[in-house]
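One structure is given below, encoded as structure tokens.
The values are calculated or read from the model by the stated rules, or taken from the named source; none is laboratory data. Keep in mind that what you see is a predicted model, and the values were worked out from it rather than measured. We place every Cβ from the backbone using ideal geometry, glycine too, and count neighbours over all the protein chains shown. Accessible surface areas use protein heavy atoms only, side chains included; no ligands, DNA or RNA. Shrake-Rupley method; radii C 1.70, N 1.55, O 1.52, S 1.80 Å.
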Amino acid sequence: MGTVRLETEVLVVGGGAAGLRAALAAAEAGCRVLLLNKGPVARSGITLTAAGGMQAPLHPEDSCELFLADTLRCGYEIADKSLAWTLATEAAGEVREMERYGVKFVRDERGELALGRFPGQSQPRNIFVKGGGVGLAAALHAACKRQGNIRILDDFFVTGLLQAAPPDARTVAGVMGINLRSGEQTMIRARSVVLATGGCQQLWAVNDCPSDAVGDGLIHAYRAGAELVDMEMVLFYPSVIVWPPSLKGAFVHYEFLAEAILDGNVYDKDGQAVLPKPLPVRDQAMLLMHRAIEQGRSGEHGGLYWYVGDSAKGIDVVRKKLDLAQYNYLKAHGVDPATDKIEVAPGAHYLMGGISIDSNGETGIAGLFATPECAGNVDGANRLAGSGIAATQVFGARAGRAASRWASGNALLELDATSLAEETERIRCRLSSAGSATNRATAADLPLLRRRLQETVQLYAGVSRNQAGLDRLREEVGQVRLALQGKQVADRKSFNQALMDLLQLETLCEVAELVVGSALLREESRGHHYRSDFPQTRERWLCHTSVVRDGEKARFAAKPL
Amino acid sequence: MEQASGKIHIKAYRFDPANPDQAGFQSYTVPTAEPLSVMALMAEIHALDETFACRTSTCFKGQCGSCLVRVNGRDALGCVTMVQPGETVTLEPHSKYRVVRDLVVDFSQPQEG
Ligand SMILES: Cc1cc2nc3c(=O)[nH]c(=O)nc-3n(C[C@H](O)[C@H](O)[C@H](O)COP(=O)(O)OP(=O)(O)OC[C@H]3O[C@@H](n4cnc5c(N)ncnc54)[C@H](O)[C@@H]3O)c2cc1C
Ligand code: FES
């Protein structure tokens, strides 16, 4: 592995909706931008899985104030108010920017943006991207390619941030990564860095995200000294498919079960309906489903049955409603969503916590910016449908502009030799040249360890948590980390997927420790964080949890709003 | 739960630019009682043999093309192409793009010639 050097003004890590928007903003502000993505842009990342709903207060009776009030109420009052206000006031402007970049929205007969009303919205507030998340990523990707100032490197895996040499300690001066095509370890100096790496939902055995979502950026920021907030706040979507195996991770809309839509339900193994009508909001629905599963009412593969086959609306209405790419995908797998019972369980869907930012995406580390989904505290303890995409655009644009301002006012800094050596070695020590292997990971090791981690996290830090379980989980994570210690994979140049597996599993373990510590600290139940030993919401926890690195230890604390 | 007959046999194309002369097919057997998409199958092969490379990121919709691959001599979306237990399937890189390694291609570069 040789070391290659590159330089840029603004460096964006991650090419989903957030990173692409940040790159566009920085380039339009006049900066040279390099965007790195560990898979191919528009063919990897969470954005592609998005249904495509986006919140913007465009209805004549809606307002920024109502948007803010809904966000705070549905987030159980622990969203950061200034971030939520920024989201509410700038989402509509971002819709126009998106159209300028070529994103298309669904329009009604009069040619107006079609608005839908989702649970928790006091006015219809969701507009819909044509082509869903895939359409969104494709349009933003094309806009970046048209922009002369943006260079995109696909298949580039960032492994860590690099610090500046003294006297600029605690300033980020670049990143280290692996060009997966050539295998070269690459050092990139940048004036400013924007993290846009998405969530970490792969930590849970049941999740509806692609394999990329392991929380790299969270750990990069954490290792560099940034504060993470509300890491216990993960949104569980009620109905993620657990069977058949080839469909694992796809989801079916729990919202469609509402009386006004398809009027279906989720049933237990004996055919008893699990959800009351009117349909409860997401966090309540997933708890009811979890209880039914705990009571042994689940089916063969641990899930409950999503079913709309006996809808009073009639099969034609059902088929019409389900005529969407995501349901046609199920049909290709031999499952007919209009007539079959589909085994589902609550699964990790969105990370509401993350890197602590201000409204400009500043992280508190000089030169380092971040944007949701990997940045947190915009939503609190629950997220309204359509806020995910809106946040990537509003805060992506802001982080991109702030990073470009920083880049215009600051020179490229020298890299800290220690930081560079550590980051280089952290990767090199995972590679064995043929023959020299002492603790070579065998094929079975990593998938098994990963599975073990995911299942224990699901069990103890899933929908229902308590002290004993979280303690147990902490031990398990420690064991998995121990098993990974000194593990190596073969040094191969081109597309070393085994190396990615190993490094990503290590990252998942680190994320797990932060989730466990934060979940232990918050001794109450609020939104998607349910503690069976503290089932009440408590006034004194009207605050964030925060974690920062203190040497090799994580320091957890409550943080005032 | 796996039935004795529950196996999918795969002939997978292997290519490493470091050893282009050794390019060729390798046989794998994946035990499964359930049908699998080609994409799920590729992930299973990678779990059996970590040196086998494939793309794993999915959109769950058959829309993005992350899973483009050649199945039994035809270019296809791997995530919506199903293989039944008992079947044998040949997997090659998608014919339109340059191969990076094994079944991983570079979507930004068309295959030459
Ligand atoms: C099933 C599903 C449906 C959803 N539907 C909606 C919806 O309808 N409306 C809504 O508002 N929200 C929705 N969301 C949420 C929303 O889609 C996401 O929050 C948002 O798309 C995240 O965008 P992102 O750019 O932050 O992350 P991503 O799209 O995940 O992009 C991050 C990119 O960074 C790359 N990356 C990560 N680590 C590294 C590294 N170390 N080096 C280099 N690159 C790296 C990844 O490969 C990825 O391409 C949905 C989420 C899911 C899971
Ligand atoms: S994974 Fe997106 S089309 Fe197959």
The condition of being open to solvent by 10 Å² or more (accessible area, probe 1.4 Å), at pLDDT 95 or above and touching a Cys at 6+ places or on another chain (Cβ under 8 Å) holds, among A:H333, A:H349, only for A:H349
Scanning region A:143-162 for residues that are open to solvent by 40 Å² or more (accessible area, probe 1.4 Å) and within 14 Å of chain B (Cβ to nearest Cβ) gives A:K145, A:R151, A:I152
How many residues of region A:176-225 are away from chain B (no Cβ under 14 Å) and under 20 Å from A:L153 (Cα atoms)? The answer is 17
Selection from region A:483-535 of residues crowded, with 20+ Cβ neighbours inside 10 Å, of a type in the set (A, V, I, L, M, F, W, C) and within 14 Å of chain B (Cβ to nearest Cβ) yields A:V489, A:F495, A:A498, A:L499, A:M500, A:L502, A:L503, A:L505
For B:Q109, the lone unmet condition from (1) within 16 Å of ligand 1 (Cβ to nearest atom); (2) at pLDDT below 95 is (1)
Report task. Would you confirm whether any residue within region A:49-66 is in a helix (DSSP H, G or I) and crowded, with 22+ Cβ neighbours inside 10 Å? Result -> yes
Among residues of region B:47-66 being within 9 Å of ligand 2 (Cβ to nearest atom), among the small types (G, A, S) and under 14 Å from the mean Cα position of the chain (by Cα), the residue surrounded by the fewest Cβ atoms within 10 Å (Cβ to Cβ) is B:G65
Given (1) touching a residue at least 60 places away in the same chain (Cβ under 8 Å); (2) over 19 Å from the mean Cα position of the chain (by Cα), A:Q479 misses just (1)
- Query: Mind checking whether some residue in region A:539-561 is over 29 Å from A:I365 (Cα atoms), touching a helix residue (DSSP H, G or I) at 6+ places or on another chain (Cβ under 8 Å) and either open to solvent by 40 Å² or more (accessible area, probe 1.4 Å) or not in a loop (DSSP other than H, G, I, E, B) (or both)?
  - Reply: no
Scanning region B:29-53 for residues that are within 7 Å of chain A (Cβ to nearest Cβ) and within 17 Å of A:Y329 (Cβ to Cβ) gives B:E34, B:P35, B:L36, B:S37, B:A40
All-but-one check, B:A18 against (1) over 12 Å from the mean Cα position of the chain (by Cα); (2) within 8 Å of chain A (Cβ to nearest Cβ); (3) surrounded by 15 or more Cβ atoms within 10 Å (Cβ to Cβ), failing number (3)
Contact list, first residue from region A:42-56 and within 15 Å of ligand 2 (Cβ to nearest atom), second anywhere and among the aromatic types (F, W, Y), beta-carbon distance below 7 Å, six or more apart or interchain, is A:R43/B:F107; A:T49/B:F60; A:G52/A:F128
Residue count, region A:123-138, condition surrounded by fewer than 21 Cβ atoms within 10 Å (Cβ to Cβ) and either without any contact (Cβ under 8 Å) to a residue 60 or more places away in the chain or among the basic types (K, R) (or both), comes to 1
The residue that is nearest to A:L288 (Cα to Cα), considering only those in region A:181-239 that are within 16 Å of ligand 2 (Cβ to nearest atom) and open to solvent by less than 10 Å² (accessible area, probe 1.4 Å), is A:D208
Picked from region B:67-80 (must be within 12 Å of the chain's Cα centre (by Cα), near ligand 2 (Cβ under 9 Å from one of its atoms) and not in a strand (DSSP E or B)), the residue farthest from the other protein chains (Cβ to nearest Cβ) is B:G78
Point to revise | Qualifying residue in region B:2-15 (condition: under 24 Å from A:G132 (Cβ atoms) and at the interface with chain A (Cβ under 10 Å from one of its Cβ atoms)) | key: no
Test result for A:V95, part of a loop (DSSP other than H, G, I, E, B), within 14 Å of ligand 1 (Cβ to nearest atom), away from chain B (no Cβ under 14 Å) and closer than 15 Å to A:I389 by Cβ = no
Residue pairs qualifying under the 6 Å Cβ cut-off, at least six apart or on distinct chains, with the first in region B:54-65 being at the interface with another protein chain (Cβ under 7 Å from one of its Cβ atoms) and part of a loop (DSSP other than H, G, I, E, B) and the second being open to solvent by 10 Å² or more (accessible area, probe 1.4 Å) and of a type in the set (D, E, K, R), are B:S57/A:D212; B:C64/A:R43; B:G65/A:R43
Restricting region A:358-385 to residues that are over 18 Å from A:H529 (Cβ atoms) and either within 14 Å of chain B (Cβ to nearest Cβ) or open to solvent by 10 Å² or more (accessible area, probe 1.4 Å) (or both), the one farthest from ligand 2 (Cβ to nearest atom) turns out to be A:A366
Screening A:A79, A:A88, A:A84 for residues that are over 24 Å from A:D208 (Cα atoms), out of contact with any strand residue (DSSP E or B) (no Cβ under 9 Å at 6 or more places or on another chain), open to solvent by less than 20 Å² (accessible area, probe 1.4 Å) and not acidic (D, E) leaves only A:A84
The correct count of residues that are in a helix (DSSP H, G or I) and either under 24 Å from the mean Cα position of the chain (by Cα) or under 24 Å from A:Q284 (Cα atoms) (or both) in region A:458-476 is 11
Subset of region A:287-308, residues open to solvent by less than 30 Å² (accessible area, probe 1.4 Å) and under 23 Å from A:V335 (Cα atoms), comes to A:M289, A:S298, A:G299, A:G303, A:L304, A:W306, A:V308
